[in-house]
1. One quarter of the convex hull surface, Cα atoms only: what value does that give for segment 61-147 in nm²?
2. With a length cut of 20 Å (Cα positions projected on each helix's long axis) and a Kyte-Doolittle mean of at least -0.5, go through the chain and give me the DSSP H helices that pass.
3. So for the pair residue 212, residue 126, with labels modelled 7 Å out along Cα→Cβ, what separation do we get in nm?
4. Given an 8 Å cut-off on Cα distances and at least 6 residues of separation, report the relative contact order of segment 150-375 as a percent.
5. Using 0.36 nm per residue, how much length does the chain from residue 370 to residue 250 gain when fully extended, once their Cα-Cα distance is taken away?
6. Could you give the length gained by full extension between residue 221 and residue 119, i.e. 0.36 nm per residue of separation minus their alpha carbon distance, to one decimal place?
7. Using a 7 Å offset from the Cα along the Cα-to-Cβ direction at both residue 34 and residue 89, what is the distance between the two label points in nm, to one decimal?
8. Explain nothing, just the number: dipole magnitude of segment 150-375 about its Cα centre with +1 on each Lys and Arg Cβ and -1 on each Asp and Glu Cβ, in debye rounded to the nearest 20.
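Please treat every number below as a calculation from the coordinates, not as lab data. Model, not experiment: these values are computed from the prediction. Virtual Cβ from ideal backbone geometry, glycine too; neighbours counted across all protein chains shown.
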Amino acid sequence: MGIHRGHQARPLEWLAEKFIFLVSLTAILMVFLIFVFVAREALPLVLGQMNSAAARPVIAAKEMDKLKPEELRTYLGLTATEFKQLDKEALQALMEVREEEAKEAPKDKDATLNTTEWRYLFQPHQWSDSRPEDRYVWQPIGRIHKYNLVPLIIGSLKTTAVALLFSVPLALAAALYVSQLASPTMKEWLKPAIELLSGVPSVVLGFFALMVLASFLQGAFGYQSRLNAFVAGIALGLAVIPVVFSIAEDALTSVPRAYTQAALALGASKWQAAWQIVLPAAAPGVFAAVVLGFGRAIGETMVVLMASGNASIMSFSLFDSTRSITATIAAELAEAVFGGHHYRILFLIGAMLFVVTFLTNLAGDLIMHRLKGRLEGKAK
């Protein structure tokens, strides 16, 4: 008798397989669609179709008939669909509104600048109403909108760096101890206890940092700003520890026991075997844990929103208040005018964050496979 395969022999297994495939495909499609949505909202800004100038050239409403339809649509800042829906009287009313707005426009020399241009987003600029040292300014609310992204990028990097410097050594040390040195009874208690931290909501960690950790660290180090990148980074590290620990511990545990037994047979101590044999053998998995920890840290919102001070200051000091990209999106998106330049800027930095995370994970994956290949003798 031949062996029957396929959905006719085992219909339930075939349906289960197809269902799992569809669920996996849907998850991938949802991530892709989220990125497409974010990128679409930021696209007008990327293509230079937005203008945030507070004072713009004005065309009198009585000269509307002299303009071509496309020129009129561009002048009023309307989409093609919106332009078609408006009659001549409505268009003339919009032009009259533009005339009235021009009378109230600021006379500042910076009022004519389109601050959504790339040079104002990333390069320094001396604003007429700012101090000489304030050349990188994020100030989306005001008569002149300033959208320099450098303070937000520096703030995100500072909190992420502190979080990784605090969490990675602790997580790796705990993973090494639990997987190689702890007794079976101790391991049964320690591993679930550490992994339980991942179930703590980030808002609870943020509240703990705001009410307890900030005061304690200020008293210990004596800095001036109570909420700063250092406090946010330490609190963020508490959220990163279980992620790095769990993946690193699995990688260390998966190293064949023969490696440890051979080292012990040659006279090495358990600590020497763990540090010099097991840890290098698990390097790809440990590196993957650190990369995922980086992604968790740079994408966290609530902790940095509550504990960083939320001041977009251009400073490299860890003890100054700061503001991250994620906290900016969370704090300002609900107040931004739909379709406006502030709204587009927030989606732009969201797309940037998505791209940075994707490239980091991609680079981490390539490096991890290269390390794995070297350990297995497949690459030099």
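1. Working: hull surface 28.4 nm².
Dividing the Cα hull surface by four gives the mean projection, 7.1 nm².
2. Working: long enough: 11-46 (51 Å, 1.76); 88-103 (23 Å, -0.89); 150-176 (38 Å, 1.90); 229-253 (34 Å, 1.89); 283-298 (22 Å, 1.65); 341-375 (50 Å, 0.86).
Going by DSSP H runs, the hits are 11-46, 150-176, 229-253, 283-298, 341-375.
3. With each label point 7 Å from Cα toward Cβ, the separation is 4.9 nm.
4. About 30 percent, as a whole number.
5. On the way: separation 120, 0.36 × 120 = 43.20 nm, distance 1.95 nm.
Full extension of this stretch gives 41.2 nm more.
6. Values: separation 102, 0.36 × 102 = 36.72 nm, distance 3.81 nm.
Contour length minus Cα-Cα distance gives 32.9 nm.
7. Roughly 4.8 nm, to one decimal.
8. Working: 12 positive and 9 negative charges, 96 e Å.
Dipole magnitude for segment 150-375 comes out near 460 debye.
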